[in-house]
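Below is one structure, written out as structure tokens, with a few remarks after it.
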Amino acid sequence: MIANYGYADGGGEFYITIDTGACASCDARPCIKACPAALLVEEEDPYGDVAIAVEEPKRKKLRYECTPCKAGGKAKTIPCVDACPFGAISHSW
Ligand code: SF4
Ligand code: SF4
């Protein structure tokens, strides 16, 4: 399942997209460990599979929550994206 977390406002589009099907093969969950803001959590999806999601209260504040990785504009490297061995995480900004 492709899950999108985030929002669009006057400042742009701020979405994190996760291909949750990859998470079934990834017991180590390196994305959770890589995130300095503790945004990524395990969550059961509508199909009953446990996969990675953005923590619910933080989904509408991603532009600010991701500041530790993106302060000063578009980051060259993004820890959660780099940590995922399956390329399952992408960002819209
Ligand atoms: S690192 Fe990638 S595949 Fe592994 S749990 Fe995180 S999002 Fe899923
Ligand atoms: S960009 Fe940084 S703060 Fe945002 S989810 Fe990824 S690792 Fe966490």
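Where a number appears in this text, it was derived from the coordinates with a stated rule and is not lab data. Because the structure is predicted, anything quoted here is derived from the model rather than measured. Don't worry about glycine lacking a Cβ; one is built from the backbone with ideal geometry, like all the others, and counts go over all protein chains shown.
Okay, here's what the table says:
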quantity: For the stretch 2-91: relative contact order, % (alpha-carbon pairs under 8 angstrom, 6 or more apart); calculated: 34
quantity: Only Lys, Arg (+1) and Asp, Glu (-1) charged, at Cβ; the chain dipole about Cα centre in debye; calculated: 580
quantity: Set of lysines with alpha-carbon distance to K33 below 18 Å, sequence-local pairs under 8 removed; calculated: K58, K70
quantity: Gaussian network model of the chain, Cα within-10 Å springs - most flexible of K60, K76, K33; calculated: K76
quantity: Fluctuation leader among P36, P68, P79 - the chain, Gaussian network, Cα springs under 10 angstrom; calculated: P68
quantity: Whole-number percent relative contact order across the stretch 1-48, with pairs defined as alpha carbons under 8 Å at least 6 apart; calculated: 25
quantity: Expected 222 nm ellipticity per residue - DSSP helices of 4 or more, -39500 (n - 2.57), all of the chain, to 500; calculated: -3500 deg cm²/dmol
